[in-house]
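The values are calculated or read from the model by the stated rules, or taken from the named source; none is laboratory data. The shown structure was predicted, so the numbers you read here are calculated from the model rather than taken from an experiment. Reconstructed Cβ throughout: ideal geometry from the backbone, glycine too, with neighbour counts over all protein chains shown.
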């Protein structure tokens, strides 16, 4: 489970913002929360805000952390970490990232700071039996392991460097079970979707559908229950050589190496009652979006996934979106999967669906930086009031402020 995420100085995010899945004092829909010791954890949450207010940058920051944890062990020496800071911050300013999560039933706290595109510090703690214990702390290239872990991280000293996270290195070069559990949370249990990686998600979903008959049956049943009319998905997986036309322009000087490798070529046909269609060439944006998300969504039923989506409703019908939310909110007791997403769909701003602490907003401050807050933080918000109407009236902020003179542009529109 994801418990909390905070970051600062990442794209439009300047000062530290905090997103929390820890349930507050609101007792609405208490049966939809997840019990974890003495805590109640939110199963889902949604984030609203005007265009350009930083919703996608929050998702991007989470994806940035995930990728750095999973991939930085392989970063070559001498290369900085590609990261974009706030435009008003100096080039040598620090960026911080921190996440609390549950892996294998134990709470973990992990975080790091970047400066000049390199790792300045990093830490990992866990809380077995209610007591916080240090796994490691790092400053620059030096690190110290907690007393329980002694010399178990000695093999990492020749691997870790200023552009690699210690968590990434230790998970691959040590056998510390607690570190491996934390790493696997980022690798396997934390899944992040955005339109920028939709094609990658589509390929992954199709691969899983085509290679596992049980997953295929579950996916088809899920699509049928959503009212898509889909009866089957025929997936074909071939091995082929890449051709120059398959490579995007930005590969630059490296295509010769790539062109010598075999890759999986995946295609799919979507079968209806009376005809079938080619998924990528003939299907609607909505069906392609569903096909990208379908495996990670059905995978939530496995019991321990956190899926983060940017603009979940894009290209999806309102009823499909509501059914997806209903599916997650009604996962059985004992299932700890979660779904958090950004959206513009105000039909979900409904006290019959969400609690106040599940609803979040982003808005731009005067210095063009992102502010993030939950509905539960605002005063005088009744738990049964008309959230959608109050939001559109501007009571909660985070709505576009239209200039009263906007009508002057009507002759151009």
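Only one of these conditions is not met by residue 400: (1) part of a loop (DSSP other than H, G, I, E, B); (2) within 22 Å of residue 322 (Cβ to Cβ). Which number is it? Just one mismatch for residue 400, condition (2). Candidates are the residues of the stretch 311-331 that are part of a loop (DSSP other than H, G, I, E, B) and within 14 Å of residue 287 (Cα to Cα); the one that is modelled with the highest pLDDT is 312.
How many of the residues in the stretch 318-345 are closer than 15 Å to residue 47 by Cβ and free of Cβ contacts under 8 Å to residues at least 60 places away in the same chain?
Selection size over the stretch 318-345: 2.
The stretch 175-266 holds helices (runs of 4 or more DSSP H) entirely within its bounds, and those carrying 3 or more residues that are under 25 Å from the mean Cα position of the chain (by Cα) and at pLDDT below 85 map to 198-211. When residue 317 is tested against (1) more than 22 Å from residue 104 (Cα to Cα); (2) surrounded by 20 or more Cβ atoms within 10 Å (Cβ to Cβ), only condition (2) is not met. Across the stretch 119-142, the qualifying residues are those that are modelled with pLDDT under 95 and either within 30 Å of residue 76 (Cβ to Cβ) or not assigned by TED's automatic domain parsing to the domain that holds residue 84 (or both), and the one among them that is surrounded by the fewest Cβ atoms within 10 Å (Cβ to Cβ) is 142.
Residues that are farther than 13 Å from residue 124 by Cβ and free of Cβ contacts under 8 Å to residues at least 24 places away in the same chain within the stretch 142-159 comprise 142, 147, 150, 151, 154, 155, 157, 158, listed in sequence order. Does the stretch 385-398 contain any residue that is at pLDDT 90 or above, farther than 24 Å from residue 54 by Cα and out of contact with any strand residue (DSSP E or B) (no Cβ under 8 Å at 6 or more places or on another chain)? The answer is yes; a qualifying residue exists.
Look at the stretch 6-50 and say how many of its residues are farther than 18 Å from residue 375 by Cβ and surrounded by 21 or more Cβ atoms within 10 Å (Cβ to Cβ).
8
Name the single residue that is surrounded by the most Cβ atoms within 10 Å (Cβ to Cβ) among those in the stretch 284-310 being at pLDDT below 90 and part of a loop (DSSP other than H, G, I, E, B). Among those residues, the one meeting the criterion is 304.
No other residue among 94, 71 is surrounded by fewer than 18 Cβ atoms within 10 Å (Cβ to Cβ), at pLDDT 95 or above, assigned by TED's automatic domain parsing to the domain that holds residue 325 and over 14 Å from the mean Cα position of the chain (by Cα) apart from 94.
Selection over the stretch 126-139 of residues that are touching a strand residue (DSSP E or B) at 6+ places or on another chain (Cβ under 7 Å) and assigned to a loop (DSSP other than H, G, I, E, B) gives a count of 1. Checked against (1) under 18 Å from the mean Cα position of the chain (by Cα); (2) under 30 Å from residue 11 (Cα atoms); (3) buried (at least 18 other Cβ atoms within 10 Å of the Cβ), residue 344 passes all but condition (3). In the stretch 346-353, the count of residues that are assigned by TED's automatic domain parsing to the domain that holds residue 233 and in a loop (DSSP other than H, G, I, E, B) is zero.
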